[in-house]
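Note sheet for the following structure.
The values are calculated or read from the model by the stated rules, or taken from the named source; none is laboratory data. Since this is a predicted model, take the numbers as computed values, not measurements. Don't worry about glycine lacking a Cβ; one is built from the backbone with ideal geometry, like all the others, and counts go over all protein chains shown.
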């Protein structure tokens, strides 16, 4: 039997602080397209060679609907844009489809409310680029919904939705 040892919570916090000193969340704020940036159309065409050929037109049709749906199908373009950006030095499971619709709240067996991904297609392992791969698709998504840019809360959260440390 293989035993996987995980760092303690305190060790993970210390690692997070060290990484934040190495690459602050603002580390990508000055991103500019590379001079040799690849044309996105050939990137998508290359990716189509590994897809079911009869489904590619439907995929392209969905991508044409709006900026939000385009970004949903453009993970390879974003990966090409981010490949030379600073990384935090942590390897993570990357989500190529990290738009707001693929996040949700989950209940843990301990009755804690957890927030995370619910869709794991196009998720290779790779270096962490902080939050740069999540928020660009969030902006077009927000423009296409009736969600306010300023969150509001109509009632206080239930005490059961907050972790207390008690199982």
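Structure above, values below:
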| item | result |
| --- | --- |
| Hey, residue 34 surrounded by 15 or more Cβ atoms within 10 Å (Cβ to Cβ) and either assigned to a loop (DSSP other than H, G, I, E, B) or touching a strand residue (DSSP E or B) at 6+ places or on another chain (Cβ under 9 Å) (or both) or not | no |
| Filter result for residue 41 (on the phi < 0 side of the Ramachandran plot, surrounded by 11 or more Cβ atoms within 10 Å (Cβ to Cβ) and without any contact (Cβ under 8 Å) to a residue 24 or more places away in the chain) | no |
| Enumeration of residues in segment 20-31 that are surrounded by 11 or more Cβ atoms within 10 Å (Cβ to Cβ) and assigned to a loop (DSSP other than H, G, I, E, B) | 23, 24, 31 |
| Looking only at segment 54-97, and only at residues there that are in contact with a strand residue (DSSP E or B) (Cβ under 9 Å, 6 or more places away or on another chain) and touching a residue at least 60 places away in the same chain (Cβ under 8 Å), the one that is farthest from residue 32 (Cα to Cα) | 90 |
| Filter result (outside any helix (DSSP H, G or I) and within 17 Å of residue 128 (Cβ to Cβ)) within segment 7-19 | 7 |
| Segment 68-91, residues that are at pLDDT 85 or above and either over 24 Å from residue 126 (Cβ atoms) or crowded, with 18+ Cβ neighbours inside 10 Å (or both) | 77 |
| Criterion (surrounded by 11 or more Cβ atoms within 10 Å (Cβ to Cβ), in contact with a strand residue (DSSP E or B) (Cβ under 9 Å, 6 or more places away or on another chain), outside any helix (DSSP H, G or I) and at pLDDT 70 or above) met by exactly one of 115, 120 | 120 |
| The lone exception for residue 50 - which of (1) out of contact with any helix residue (DSSP H, G or I) (no Cβ under 8 Å at 6 or more places or on another chain); (2) in contact (Cβ under 8 Å) with a residue 12 or more places away in the chain it fails | (2) |
| Residues located in segment 98-112, provided they are at pLDDT below 80 and out of contact with any strand residue (DSSP E or B) (no Cβ under 9 Å at 6 or more places or on another chain) | 99, 100, 101 |
